[in-house]
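Visitor: Sending over a structure as structure tokens; questions will come in a sec.
The values are calculated or read from the model by the stated rules, or taken from the named source; none is laboratory data. Nothing here was measured: the structure is a model prediction, and the numbers come from that model. As a convention, Cβ positions derive from the backbone with ideal geometry for all residues, glycine included, and neighbour counts pool all protein chains shown.
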Amino acid sequence: MTLRTRAQGGLAELPYVVMLLTDEGHRLPVPADDLVRDPSGALRLRGEAHGFAARLTLTPRGDEPAHDATLTVDRVADRALAAGLRVELRLGAGDDPGWLVPGAFYGENRRADCTRPYPRYHPDPAECGADTTGLTSPAWSLRADRCATPAVFARDTEGGAALATAEHGPLGEQGVGFADDGGRPVLRLHFPYREEPVSYYGSGTPRPADTPTHLWQPGEQRTLRFTVHLHDTDPHAYAPVLRTLHRATPAHPEPAAWVGIEEAARLSAEGLHRWHYRPDPPVLLETAAFDREALGENGDRPAMHVSWVSGTPYAYALLLHARRVGDETMARDAAAVIDHICAHLTPGGTFWGQWSASGGWSAGWTGDRCRVHARTLGDATLFTLRALAAERAHGADHPAWDRAVRSNLAAALAGQDPLTGRLAAAHDTETGKPLDHEGAAGLAWIAALVEAAELFGEPAYLDAARRAGDAFADDVRSEFLCGAPEDVSLAPTSEDGYNAVIAYTLLHEAGDRDGRWLGLARRAADWTLTFRYSYDVAFAEHTLLGRYGFRTRGGDQASPSNQHLHAFGLICLPEWVRLARHLGDPYYLSSARENLDCFRQFVARADGDFNAYRGMVSERFYQTECFQAKGMLLTLSHAWSAGVLLYACERARELPEFQEDL
């Protein structure tokens, strides 16, 4: 059945009413024997085959190019049969399907030059066969809880479409999928879910395919619901669809947060200082184990990145809190951490990547002792700069912080590609010279350059930031930002989105006569929201997350490579809220609220709370089967997890939009 013709904006066909997928591997389509369009415009398809009768009703929405679909399946044979169900939508021919499974799959998903193994799409069987991990395929099927919104998008040369469903339905956990069929994109939904060709568990050694079925008894009837969305070829066409699906997903009447903003700030500051701060030398340890008796310090990571997973952003947040509440000891210790970082620059003039108790200062997790990551440097520079500005406003000055910021920015300027304007993705520790400009890690320099231009009265910084903003614009428009974290190579991540939102919002606020920076900030925010969960995942009651009633709406998938929820989106909460104001769009403000609400859960309110100690905050919430079992919680407190919550709470206190949440 043709839902849309090529002349109407791109081919969209339903090849059958439903397909049956048996335990034996049979694919049994139930073709449409009857097609009726009733006076309301609804399409009704009926078919019967293989002992099943199926009825599919597609009801158009009057205000958008979408259909609400109801699929009713009856077992009409006199014996039971184990089978799953598949719904398919086929598009026309094209060379770039632009796959999107929010939070889980982005285009090819893994660039050929990305060294991190995780699922990749490629239409060529030879290319797929060359991947010895089995993680490259022309077709993928995923369980719904891997998806920030359970939907799958694709396009051909003339139009695009999406299928969407809920996490759970009458047959249990549901799923999404896609395939290349001779150059034609195919969108799929599965009831129950399927994980094919393998099931990704967070490493280069995947698990076997997971293909559950349902045992249909004679006379059994089940009704499934999903939506069909038709759109054009714009790679950004997913944005209004996801907005619609978010609006249509019921939100809990009460906020998810366990504590108010003030209490969350107190708890996270206490946890960061009590469990992560060490005085000799002054550092914020990256992790602290929940279990202090069995593991103690052996479960802690005696290391500190200068930003990202520890370091200056969180020392700055601790300093803000300490100054506000008048805790001079905490303020002294927070400042000492920044002093320690600024006192140790590389021979090339940048910050180092990481300090460790065993090895001192090093490049960090890049795998190359001479390669320090630009995102790590950019964030460290930005938050040292912000700490410097805050301290000057408080009447204190730190010349060493000033010198360190200027030295890092000099390396950033020297590393800017003179032809393209791209800022370097990594710098040499010995010389400070750029090592390459691949990926979007260099975006992190933009915010530091913009704010330094104002604080230091140096317009050259802003000029360089604007050139870089133009250079990275194509990355934003391509809907594929990658390379922000040190540990996932060139994988697309939510952290790339946060960097882009901060950068382009600040560029807009520094002067935006033609509105291009605001447009890019909005586009970056929309892409970032593809990682944000629009629904509350269902957890088994016996799991920790289930027993505590953890609600996932507003939490972000870290990346297709690291499939767990994390709180890092709070790093851009101030810019996100200001972007919502600039756009006059409450949708973005709502997303910021949901993000902060989500991560005011699981901040330990007392020693013993969820087997942690007061103020501890975990990094990972396992909302799907990846790394650990669904419903588990990583039993490590992370400096960045407590720190980013503290930072967001301190900033939210100043925002009128959050006063009712204090």
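Visitor: Can you tell me which residue within the range 266-288, out of those that are out of contact with any Ser or Thr (no Cβ under 7 Å at 6 or more places or on another chain) and of a type in the set (Ser, Thr, Tyr), is surrounded by the fewest Cβ atoms within 10 Å (Cβ to Cβ)?
Guide: Tyr277
Visitor: Pairs only if they're at least six apart or on different chains, beta carbon under 7 angstrom, first in the range 31-42 and more than 15 Å from Tyr16 (Cα to Cα), second of a type in the set (A, V, I, L, M, F, W, C); list them, first residue then second.
Guide: Close Cβ pairs satisfying both conditions: Arg37/Leu43; Ala42/Leu58.
Visitor: From Arg194, Arg243, Arg278, Arg274, grab the single residue that is of a type in the set (D, E, K, R) and touching a helix residue (DSSP H, G or I) at 6+ places or on another chain (Cβ under 8 Å).
Guide: Exactly one of Arg194, Arg243, Arg278, Arg274 is of a type in the set (D, E, K, R) and touching a helix residue (DSSP H, G or I) at 6+ places or on another chain (Cβ under 8 Å), namely Arg243.
Visitor: Counting only residues that are touching a Ser or Thr at 6+ places or on another chain (Cβ under 6 Å) and at pLDDT below 95, how many does the range 69-95 have?
Guide: Residues meeting the conditions: 1.
Visitor: Residue by residue through the range 126-136, note down the ones that are in a loop (DSSP other than H, G, I, E, B), buried (at least 16 other Cβ atoms within 10 Å of the Cβ) and not small (Gly, Ala, Ser).
Guide: Result: Leu135, single match.
Visitor: Which numbered condition in (1) aromatic (Phe, Trp, Tyr); (2) out of contact with any strand residue (DSSP E or B) (no Cβ under 7 Å at 6 or more places or on another chain); (3) not in a helix (DSSP H, G or I) is the only one that Trp576 fails?
Guide: Exception for Trp576: condition (3).
Visitor: Restricting the search to the range 497-543, which residues are buried (at least 22 other Cβ atoms within 10 Å of the Cβ) and more than 24 Å from Ala148 (Cβ to Cβ)?
Guide: Leu506, Leu507, His508, Trp517
Visitor: Anything in the range 15-47 that is farther than 25 Å from Gly92 by Cβ and either outside any strand (DSSP E or B) or among the charged types (D, E, K, R) (or both)? List them, or say none.
Guide: Residues satisfying the conditions are Asp23, Glu24, Gly25, His26, Asp33, Asp34, Asp38, Pro39, Ser40, Arg46.
Visitor: Continuing with the same structure: When residues of the range 427-448 are filtered for being surrounded by fewer than 24 Cβ atoms within 10 Å (Cβ to Cβ), in contact with an Asp or Glu (Cβ under 8 Å, 6 or more places away or on another chain) and not in a strand (DSSP E or B), how many remain?
Guide: Number of matching residues: 2.
Visitor: If you scan the range 593-619, which residues turn out to be among the hydrophobic types (A, V, I, L, M, F, W, C) and crowded, with 24+ Cβ neighbours inside 10 Å?
Guide: Within the range 593-619, Leu596, Cys598, Phe599, Val603, Ala604, Ala612, Met616, Val617 meet the criteria.
Visitor: For the range 178-208, name all the residues that are among the aliphatic types (A, V, I, L, M) and surrounded by fewer than 20 Cβ atoms within 10 Å (Cβ to Cβ).
Guide: Val198
Visitor: Sort through Ala396, Ala424, Ala464 and tell me the only one that's at negative phi, assigned by TED's automatic domain parsing to the domain that holds Ile338 and in a helix (DSSP H, G or I).
Guide: Unique residue meeting the criteria: Ala464.
Visitor: Let me ask something else. Of the residues Arg37, Arg120, Arg61, which is basic (Lys, Arg), under 25 Å from Leu242 (Cα atoms) and surrounded by fewer than 19 Cβ atoms within 10 Å (Cβ to Cβ)?
Guide: Residue meeting the stated conditions: Arg61.
Visitor: Can you tell me how many residues within the range 137-174 are assigned to a strand (DSSP E or B) and surrounded by fewer than 24 Cβ atoms within 10 Å (Cβ to Cβ)?
Guide: Counting residues in the range 137-174 that are assigned to a strand (DSSP E or B) and surrounded by fewer than 24 Cβ atoms within 10 Å (Cβ to Cβ) gives 7.
Visitor: Further question: What pairs can you find where one residue is in the range 449-478 and touching a residue at least 60 places away in the same chain (Cβ under 8 Å) and crowded, with 20+ Cβ neighbours inside 10 Å, the other is among the aliphatic types (A, V, I, L, M) and outside any helix (DSSP H, G or I), and their Cβ atoms are less than 7 Å apart, with a gap of 6+ or different chains?
Guide: Taking only residues 6 or more apart or on different chains, the pairs are Val450/Ala510.
Visitor: Mind checking which residues of the range 399-414 are surrounded by 24 or more Cβ atoms within 10 Å (Cβ to Cβ) and either touching a Leu at 6+ places or on another chain (Cβ under 7 Å) or part of a strand (DSSP E or B) (or both)?
Guide: Hits for the range 399-414 are Ala404, Val405, Asn408, Leu409, Ala412.
Visitor: Right, something else. Considering every residue within the range 452-463, establish whether at least one is at pLDDT 95 or above, under 25 Å from the mean Cα position of the chain (by Cα) and not basic (Lys, Arg).
Guide: There is no residue in the range 452-463 that is at pLDDT 95 or above, under 25 Å from the mean Cα position of the chain (by Cα) and not basic (Lys, Arg).
Visitor: Quick check: anything in the range 393-402 within 23 Å of Ala468 (Cα to Cα) and in contact (Cβ under 8 Å) with a residue 40 or more places away in the chain?
Guide: no
Visitor: Among the residues of the range 265-288, what is the count of those that are within 10 Å of Met304 (Cα to Cα) and basic (Lys, Arg)?
Guide: 0
Visitor: Are any of the residues in the range 563-578 in contact with a Gly (Cβ under 9 Å, 6 or more places away or on another chain) and either among the polar types (S, T, N, Q) or more than 21 Å from Asp496 (Cα to Cα) (or both)?
Guide: Yes, some residue in the range 563-578 is in contact with a Gly (Cβ under 9 Å, 6 or more places away or on another chain) and either among the polar types (S, T, N, Q) or more than 21 Å from Asp496 (Cα to Cα) (or both).
Visitor: For the range 598-614, indicate whether the set of residues that are in contact (Cβ under 8 Å) with a residue 12 or more places away in the chain, touching a Leu at 6+ places or on another chain (Cβ under 6 Å) and not in a loop (DSSP other than H, G, I, E, B) is non-empty.
Guide: Yes: one or more hits.
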